[in-house]
Amino acid sequence: MAADITGTAEIRSALVRLRRSTGLPVAFGGLVESARPQMLISELNGTATHSLSRLAVTSGTGLGGRAVALARPCAVTDYSSSRQISHEYDTAVAAEGLRSVLAVPVVVRRRVRGVLYGALRTPQPLGDRTLTAAVNAARDVEQALVVQESARELLDAARPEPERRGDGAAWEQVREAHAALRALAPRIADPGLRSELLEVCGLLTSEGPTEGVFLTPRELDVLACVAAGATNAVAAERLGLRPETVKGYLRSAMRRLGAHTRGQAVVEARRAGLLP
């Protein structure tokens, strides 16, 4: 009954932001369990008891289960008396003293991956501002999970195989994966996954870096994008930088490599073992 731990930190951070932006006294949430129609409440923020901790919510039941089944936000003004939901979890909700509750699903690639809840201990409507803030918090989690999943897919696809080095087309795919991984790495909040991404980037280079040749991480990020055919504008979009900043990093990289053109910089970086 193990839940997918990928995304737990994002859920936790989203709950903090949700309470800060809305003033809600209580927020909680969790992830949908792998291969099971259940969501496990694992993260609590502002709760006074542990009644909701590790509560497994089945799809279609209660407020959160309804949000999972419908893949859309749901809310009730008075949980215990609401006719919109089933009441399997009334005891846990009552123990925490919750009345007005909303539940927003986290949906990634058309699959519900988790639920964020916000709640009041008084029976009053939760306004549009609160609902919008909860939806925005869920979107933040969704984007983080998409980035993580994309990174995992690239890691699986990009792990170097000896035979690829003799296959020009396959090696070009490796180079494209290397550029994509370099662009994703700064956006990864999980330090373990980020470290793994950068480690694989190092494995993808054709040889170890030449002694005395050095590029900063951002210079290498920019040059990896350029090597994959990106313009300065596209590189800026991928890396979350301004085009002028990309130009600055590229000029600096060219200077370090003794190159006079973008293409020459890529060649020199590959020769130095900095790019695949």
Scan segment 74-82 and give yes if some residue there is small (Gly, Ala, Ser), out of contact with any Leu (no Cβ under 8 Å at 6 or more places or on another chain) and in a helix (DSSP H, G or I), otherwise no. yes
Flag for residue 48 being in contact with a Cys (Cβ under 7 Å, 6 or more places away or on another chain), closer than 22 Å to residue 120 by Cβ and outside any strand (DSSP E or B): no
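Do we have any residue at all in segment 244-255 that's of a type in the set (Phe, Trp, Tyr), assigned to a helix (DSSP H, G or I) and either within 25 Å of the chain's Cα centre (by Cα) or assigned by TED's automatic domain parsing to the domain that holds residue 174 (or both)?
yes
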Output yes when any residue across segment 209-220 is in contact with a Pro (Cβ under 6 Å, 6 or more places away or on another chain), assigned by TED's automatic domain parsing to the domain that holds residue 177 and in contact (Cβ under 8 Å) with a residue 40 or more places away in the chain, and no when none is. no
Report, by residue number, each residue of segment 88-103 that is surrounded by 16 or more Cβ atoms within 10 Å (Cβ to Cβ) and out of contact with any Phe, Trp or Tyr (no Cβ under 8 Å at 6 or more places or on another chain). 89, 92, 96, 97
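Can you tell me which residue among 13, 21, 86, 42 is assigned to a strand (DSSP E or B) and not hydrophobic (A, V, I, L, M, F, W, C)?
So the residue among 13, 21, 86, 42 that is assigned to a strand (DSSP E or B) and not hydrophobic (A, V, I, L, M, F, W, C) is 42.
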Do we find a residue being surrounded by fewer than 24 Cβ atoms within 10 Å (Cβ to Cβ), over 17 Å from residue 134 (Cβ atoms) and out of contact with any strand residue (DSSP E or B) (no Cβ under 9 Å at 6 or more places or on another chain) anywhere in segment 22-40? yes
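Each row is one residue, and each column tells you yes or no for (1) over 15 Å from residue 272 (Cα atoms); (2) modelled with pLDDT of 75 or more.
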site: 185; (1), (2): yes, yes
site: 191; (1), (2): yes, yes
site: 195; (1), (2): yes, yes
site: 201; (1), (2): no, yes
site: 205; (1), (2): no, no
site: 212; (1), (2): no, no
site: 216; (1), (2): no, yes
site: 220; (1), (2): no, yes
site: 223; (1), (2): no, yes
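Applying the selection to segment 104-119, what residues are surrounded by fewer than 21 Cβ atoms within 10 Å (Cβ to Cβ), in contact with a helix residue (DSSP H, G or I) (Cβ under 9 Å, 6 or more places away or on another chain) and in a strand (DSSP E or B)?
Residues satisfying the conditions are 107, 108, 112.
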Which condition number does residue 35 fail, the rest of (1) in contact (Cβ under 8 Å) with a residue 24 or more places away in the chain; (2) among the aliphatic types (A, V, I, L, M); (3) at positive phi being met? (1)
Of all residues in segment 61-81, count the ones that are crowded, with 17+ Cβ neighbours inside 10 Å and among the small types (Gly, Ala, Ser). 5
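The values are calculated or read from the model by the stated rules, or taken from the named source; none is laboratory data. Quantities reported herein were computed from a predicted structural model and do not represent experimental measurements. Cβ atoms come from the backbone with ideal geometry, glycine included; neighbour counts cover every protein chain shown.
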